[in-house]
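Everything on this sheet refers to the single structure shown next.
FYI, it's all coordinate maths here, none of it is from the lab. Here the structure is a predicted model, which is why all the values come from computation and not from measurement. Using ideal geometry, Cβ is built from the backbone for each residue, glycine included, and neighbour counts are taken over all protein chains shown.
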Amino acid sequence: MRTPDPMLDLDIDRHKGKTISDQIATHIEHAIRSGVLIPGDRLPSWIDLASQLGVARGTVRSAYEKLIDRNMLVTAGSAGTRVAGTRQAELVEGQEPEQLLPPDAGYRTEEPLLFQLGVPASDAFPATLWSRLYKSAVQRTSTRVTYADPRGVPELREAIASHVAIARGVSCCADQIIITSGYRTALTIALQAIGVRGSQAWVEDPGYPVTRLALETMGIQPVAVPVDNHGLDVEKGRDLAPHAALAIVTAGQQAPTGVTLSPSRRAHLLEWAHVANSWLIEDDYLAELQLGGRSAHALAGEAGSERVIHIGTFSKTLSPAIGIGFLIAPPLLARRLIDEATWLHSTPNVASQTALATFLKEGHYLRHLRRMRELYSERRDILISSLEEAGFRDVTPAGLSVIVALPRGFDDQHIAMAAREVNFGPAPLSLWYSASGRGKAGLLLSVTNVSENRLGESCQRLKRCINIGTCPVPPTLFATSTS
Ligand SMILES: Cc1ncc(COP(=O)(O)O)c(C=O)c1O
């Protein structure tokens with residue numbers, strides 16, 4: 001239970017028109033309304049507060065009683081006086097607090113759940129090195145009082161330009177790079193710069209649900225274009241929406257299937273964008289973090305990529321907690337993108353950017369990526385064999401996860417909820433499909449945080465969650481019944 005001291009900044013004005021008791025009540029009310037005090041918080045006793053403020057006890061008592069009368073505080077016997085539990089709900093236009101949480105709030109845990117998608121290994125983050133670089137960056141930058149470059153710290157933009165030239169085959173200069181706080185900010189800047197509200201955008205089906213929802217939020221109609229073993233089906237896209245204003249693709253490793261967009265599809269996509277005067281947004285979220293084999297070059301590195309806006313992020317390769325991504329502006333759109341970033345967005349804090357610049361320039365990033373590729377490949381192999389040993393039949397590697405396919409009719413969302421009860425975080429595959437009805441049921445299991453220790457047991461428990469989430473389990477799901 002919190003016992004904050006909201007009284008520290010209370011200045012009693014004895015010459016004010018208002019009584020002292022009213023001043024105390026107003027101060028506490030303001031602390032509640034602004035969220036400094038939250039339901040359940042305990043207030044100081046009358047005696048303590050009266051002596052802290054140098055006023056009579058009765059004055060404080062009367063202030064508390066006024067707020068108790070208005071249901072903002074409650075007395076709870078020996079537990080003292082507390083902020084009433086329901087007050088916050090009333091403050092925000094009558095909404096229940098849970099309605100105000102982000103839709104995926106349940107997955108925002110401090111430690112990743114087993115199988116949780118989208119988070120890197122928690123035990124392999126170079127914490128000591130990062131803390132040292134960050135501390136030194138804070139020391140170097142904390143005394144600055146000027147506004148930073150709205151495109152981001154030049155040192156970091158230069159380091160990224162050099163890195164993507166080698167690792168992603170993209171040649172650009174630092175002036176084309178805009179540092180953002182991740183994919184979503186970069187996407188927002190791109191959509192605002194293109195000015196496509198009211199138009200159509202191709203999205204991959206299956207594809208990253210956030211992209212679809214972000215487009216809808218921005219007043220853009222997502223058109224679901226199927227993905228097959230060669231990536232986005234460009235011909236289908238042309239049939240469905242030939243004049244779409246843009247297409248968003250995960251060309252390197254498709255999310256969630258992990259498929260790389262084939263060379264001929266790349267050529268067709270670039271040609272379509274050229275002919276239709278449309279834009280391509282490349283979501284390069286895994287970058288060179290390819291398990292097995294060399295990663296394909298970015299679409300922005302291909303000849304004829306003048307209409308590609310490339311978005312990178314350090315969320316998967318390093319950590320989402322660092323909160324840094326970037327956008328590479330094609331020269332045709334650079335002015336507009338930079339204007340959007342300058343007038344409507346701000347960059348992540350300068351110390352994080354500076355630390356990341358050093359991390360890249362001193363070669364730590366490349367070494368870290370090499371280590372992560374090895375670690376994740378090992379973890380993926382262990383996970384696949386443990387799943388197979390537990391009797392799962394249809395298991396396919398896909399980027400940094402594996403997909404466990406479920407037969408038609410299985411409710412993967414229900415199963416994911418049952419798994420959540422035992423602190424597993426698989427994602428239901430069906431949510432990655434548009435509402436077109438061609439969605440498949442399955443579970444996406446991240447390989448990043450699995451370890452050999454008790455994995456067999458965890459796979460058995462996952463199997464039991466499937467039994468709980470679906471009733472009855474058709475015999476086709478598991479090769480043999482081991483539990
Ligand atoms: C396909 C895809 N793109 C982008 C992102 C998000 O990147 P960021 O953390 O930079 O918003 C994710 C996160 O899981 C993702 O799966």
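Laid out as a table, the results:
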{"read-out": "Residue order, fewest to most surrounding Cβ atoms within 10 angstrom, among I328, I384, I311", "value": "I384, I311, I328"}
{"read-out": "FRET E, pair D239, D339, Förster distance 51 Å, beta-carbon r, rounded to 0.05", "value": "0.90"}
{"read-out": "Selected from V196, H310, H27, residue furthest toward positive end of dipole (the chain; charges at beta carbon)", "value": "H27"}
{"read-out": "Extension reserve of the A174-S377 stretch, reckoned as 0.36 nm per residue once the Cα distance is removed", "value": "69.8 nm"}
{"read-out": "The chain: angle of helix 350-361 to the longest principal axis, Cα-based, in degrees nearest 10", "value": "30 degrees"}
{"read-out": "Relative contact order [Cα under 8 Å, 6+ residues apart], the chain, whole percent", "value": "16 percent"}
{"read-out": "Relative contact order of region 371-469, pairs being alpha-carbon contacts under 8 Å that are 6 or more residues apart, as %", "value": "34 percent"}
{"read-out": "Neighbour net charge for L240 - beta-carbon separation under 12 angstrom, K R +1, D E -1", "value": "-2"}
{"read-out": "DSSP-defined antiparallel bridges as percent of all bridges, the chain, nearest 5", "value": "60 percent"}
{"read-out": "Integer Hz, Karplus 6.51/-1.76/1.60 couplings in order for region 214-226, x for Gly and Pro", "value": "5, 4, 4, 4, 8, x, 10, 8, x, 10, 6, 10, x"}
{"read-out": "Karplus (6.51, -1.76, 1.60) ³J(HN,Hα), θ = phi - 60°, over region 388-398, in Hz, Gly and Pro reported as x", "value": "5, 4, 6, x, 6, 9, 9, 10, 10, x, 8"}
{"read-out": "Pairwise FRET efficiency - E457 versus V210, Cβ, R0 = 45 Å, nearest 0.05", "value": "0.90"}
{"read-out": "Sorted by Cβ density within 10 Å, fewest first, the residues T260, T217", "value": "T217, T260"}
{"read-out": "Charged-residue dipole, Cβ positions (Lys, Arg, Asp, Glu), region 127-362 about Cα centre, Debye nearest 20", "value": "680 debye"}
{"read-out": "Size of electric dipole in region 109-198: Cβ of Lys, Arg +1 and of Asp, Glu -1, about Cα centre, debye, nearest 20", "value": "240 debye"}
{"read-out": "Projected label distance in nm at K16 and K440, using a 7 Å step from Cα toward the beta-carbon", "value": "6.6 nm"}
{"read-out": "Computed [θ] at 222 nm, helices only, for the chain once each DSSP H run of length n ≥ 4 contributes -39500 (n - 2.57)", "value": "-12000 deg cm²/dmol"}
{"read-out": "For the chain, convex hull of alpha carbons as volume per residue, Å³", "value": "203 Å³"}
{"read-out": "Karplus-derived HN-Hα couplings along region 268-284 (A = 6.51, B = -1.76, C = 1.60, θ = phi - 60°), whole Hz, x at Gly and Pro", "value": "5, 5, 5, 5, 4, 4, 5, 5, 7, 6, 9, 10, 10, 9, 9, 9, 9"}
{"read-out": "Pair E271, L332: separation of 7 Å Cα→Cβ label points (nm)", "value": "1.7 nm"}
{"read-out": "Charge tally in the Cβ shell below 11 Å around R461, where Lys, Arg are +1 and Asp, Glu are -1, R461 excluded", "value": "+1"}
{"read-out": "FRET efficiency, D69 to R184 (Cβ-Cβ, R0 51 Å, nearest 0.05)", "value": "0.70"}
{"read-out": "Other-chain or far-sequence residues with amide H under 5 Å of T313's (modelled H)", "value": "F326"}
{"read-out": "Pairs of lysine residues in the chain - Cα separation under 21 Å, sequence separation of 8 or more or cross-chain", "value": "6"}
{"read-out": "Sorted by Cβ density within 10 Å, fewest first, the residues D9, D411", "value": "D9, D411"}
{"read-out": "Region 321-370 and region 234-259: distance between their alpha carbon centers, rounded to Å", "value": "25 Å"}
{"read-out": "Only Lys, Arg (+1) and Asp, Glu (-1) charged, at Cβ; the chain dipole about Cα centre in debye", "value": "560 debye"}
{"read-out": "Distant-in-sequence amide H partners of T260 (H built 1.01 Å from N, under 5 Å)", "value": "Q254"}
